[in-house]
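One structure is given here, and the rest of the page talks about it.
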Amino acid sequence: MENDIYADLARHMSMMGLPLTEGLVDILKENFTAEEAKIVMMLPATDIPLKPVTIDELADLKDIDQKHLADILEGLTERKLIFSGENGVGERGYALHQAGFGFPQSFFWDGSKSPYAIKMSKLVIKYFNRKVTKQAFGGNKTKAYRYIPVHQSIKPDVQAVLPHDMMENVLDKAKLFAVAHCTCRVQAGLMGRACNHPLEVCLKFDEMAQYIIEQDLGRQITREEAGQIVHKAAEAGLVHFVDNAAGKVKHNCNCCGCACWNVGTIRRRKIPRDELMAVYFIRKTDPDLCVGCGECIDICPVDVITLEDNVATIDEDWCIGCGVCATKCEFDALNIIYREDQSPVPADFETLHKEIRKFNGEK
């Protein structure tokens with residue numbers, strides 16, 4: 001790999017868990033000048049996502065004019081290339097876009113079909129091949145994301161014990177809401193592979209929502225509108241995907257098996273389910289109630305259901321426990337049950353990413 005400023009920036013970003021390849025270097029070359037790349041490397045790569053640092057903190061590290069530094073960082077923010085927001089004491093700061101938190105999503109959240117979006121889609125698809133995806137999201141013992149079953153698939157006794165496994169609870173804990181386009185389906189459309197699933201179903205909360213709104217990458221919505229989007233997503237057969245945390249969740253994607261990097265990858269059996277995602281639930285069929293109608297087969301986003309002796313049978317090695325099948329079952333013939341072999345859900349967003357950073361540091 002050429003030893004230049006872009007390779008250096010790629011190495012810097014690899015500290016966040018992004019695999020270092022020529023594909024990453026190509027994306028950086030397309031978006032940053034050499035001076036910008038040098039300044040971006042001043043932003044910490046080992047902090048948890050969405051943790052901005054101020055100009056004063058950066059200026060302490062480098063002998064550089066603060067106004068010039070501020071102008072460069074603001075320009076990068078306006079071009080949606082870095083994260084910006086307030087730190088814990090209300091001061092404006094900046095942070096790297098991390099995997100899943102702006103990289104590569106900021107290229108596609110607004111749903112643009114511009115030549116730039118098409119170019120970036122090609123570069124991103126080239127970079128995030130199967131090997132890179134597995135390294136970026138499957139390399140950690142603690143997984144960054146998990147699935148939450150659709151509401152009607154979880155029995156009341158489970159809801160009482162595991163309230164964080166309810167989308168309503170995730171929404172109730174958030175204070176600010178925004179919605180953007182599903183970046184996976186936007187990219188698929190740019191490449192001529194669009195599916196019929198809804199696009200504007202990517203929800204952001206609190207700091208992530210504030211950034212999305214400020215940068216016109218999405219639009220602000222109410223708690224009620226967020227609930228309606230979640231409900232419509234479930235009706236459309238989409239899978240609720242959230243940060244693998246019980247509290248302070250920053251985003252909810254609603255994924256399909258056609259285009260999405262996680263559900264689609266599992267559907268096509270490219271990366272084993274438990275290497276890619278935290279999957280806390282699995283489906284069980286009640287053979288006494290199942291009539292073998294096959295309604296659940298067609299809607300299953302990961303294609304794990306078959307009929308054997310006129311009873312729906314599940315491939316438990318690949319089932320993601322999303323509960324989408326429950327929306328089609330008229331006979332109450334299935335249960336979405338908790339997998340006892342799973343570790344507890346990390347307490348909150350900060351705990352989750354500290355665990356991931358610790359694991360990365362031990363490798």
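Would you check which residues across the range 301-323 are more than 20 Å from residue 145 (Cα to Cα) and either out of contact with any Lys or Arg (no Cβ under 8 Å at 6 or more places or on another chain) or surrounded by 18 or more Cβ atoms within 10 Å (Cβ to Cβ) (or both) and list them?
The initial filter retains those residues of the range 301-323 that are more than 20 Å from residue 145 (Cα to Cα), namely 303-315.
Answer for the range 301-323, where residues must be more than 20 Å from residue 145 (Cα to Cα) and either out of contact with any Lys or Arg (no Cβ under 8 Å at 6 or more places or on another chain) or surrounded by 18 or more Cβ atoms within 10 Å (Cβ to Cβ) (or both): 304, 305, 306, 307, 308, 309, 310, 311, 312, 313, 314, 315.
Tell me whether the range 52-70 contains one or more residues that are surrounded by 20 or more Cβ atoms within 10 Å (Cβ to Cβ) and part of a loop (DSSP other than H, G, I, E, B). Yes, the range 52-70 contains a residue that is surrounded by 20 or more Cβ atoms within 10 Å (Cβ to Cβ) and part of a loop (DSSP other than H, G, I, E, B).
What are the residues in the range 302-342 that are of a type in the set (Gly, Ala, Ser), touching a residue at least 40 places away in the same chain (Cβ under 8 Å) and farther than 21 Å from residue 261 by Cβ, if any? Steps first, answer last, please.
Applying the first criterion (of a type in the set (Gly, Ala, Ser)) to the range 302-342 yields 312, 321, 323, 326, 333.
After this cut, where a residue has to be touching a residue at least 40 places away in the same chain (Cβ under 8 Å) as well, the list is 321, 323, 326, 333.
Result: 326, 333.
Only one of the numbered conditions (1) in contact with a helix residue (DSSP H, G or I) (Cβ under 7 Å, 6 or more places away or on another chain); (2) within 24 Å of residue 24 (Cβ to Cβ); (3) in contact (Cβ under 8 Å) with a residue 60 or more places away in the chain is not met by residue 111, and that is (2).
Output yes when any residue across the range 227-235 is surrounded by 24 or more Cβ atoms within 10 Å (Cβ to Cβ) and touching a Gly at 6+ places or on another chain (Cβ under 8 Å), and no when none is. Explain how you work it out, then say what you get.
Applying the first criterion (surrounded by 24 or more Cβ atoms within 10 Å (Cβ to Cβ)) to the range 227-235 yields 233.
Of the ones still in play, those that are also touching a Gly at 6+ places or on another chain (Cβ under 8 Å) are none.
Among the residues of the range 227-235, not one is surrounded by 24 or more Cβ atoms within 10 Å (Cβ to Cβ) and touching a Gly at 6+ places or on another chain (Cβ under 8 Å), which makes the answer no.
Note on the range 126-224: no enclosed strands (runs of 3 or more DSSP E) hold 2 or more residues that are modelled with pLDDT of 95 or more, over 27 Å from residue 27 (Cα atoms) and aliphatic (A, V, I, L, M).
For the range 247-279, a residue qualifies if it is closer than 14 Å to residue 323 by Cβ and either outside any loop (DSSP other than H, G, I, E, B) or out of contact with any helix residue (DSSP H, G or I) (no Cβ under 7 Å at 6 or more places or on another chain) (or both), and the qualifying residues are 254, 255, 263. Can you pull out every residue in the range 13-51 that is aliphatic (A, V, I, L, M) and assigned to a helix (DSSP H, G or I)? Within the range 13-51, 13, 24, 25, 27, 28, 34, 37, 39, 40 qualify.
Scanning the range 214-250 for residues that are within 14 Å of the chain's Cα centre (by Cα) and closer than 25 Å to residue 81 by Cβ gives 241, 243, 249, 250.
Only one of the numbered conditions (1) surrounded by fewer than 16 Cβ atoms within 10 Å (Cβ to Cβ); (2) under 25 Å from residue 119 (Cβ atoms) is not met by residue 217, and that is (1).
Checked against (1) charged (D, E, K, R); (2) buried (at least 17 other Cβ atoms within 10 Å of the Cβ); (3) under 22 Å from residue 122 (Cβ atoms), residue 22 passes all but a single condition, namely (2).
The values are calculated or read from the model by the stated rules, or taken from the named source; none is laboratory data. Everything quoted here is computed from the prediction, not taken from an experiment. Glycine also receives a Cβ, built like all others from the backbone with ideal geometry; neighbour counts cover every protein chain displayed.
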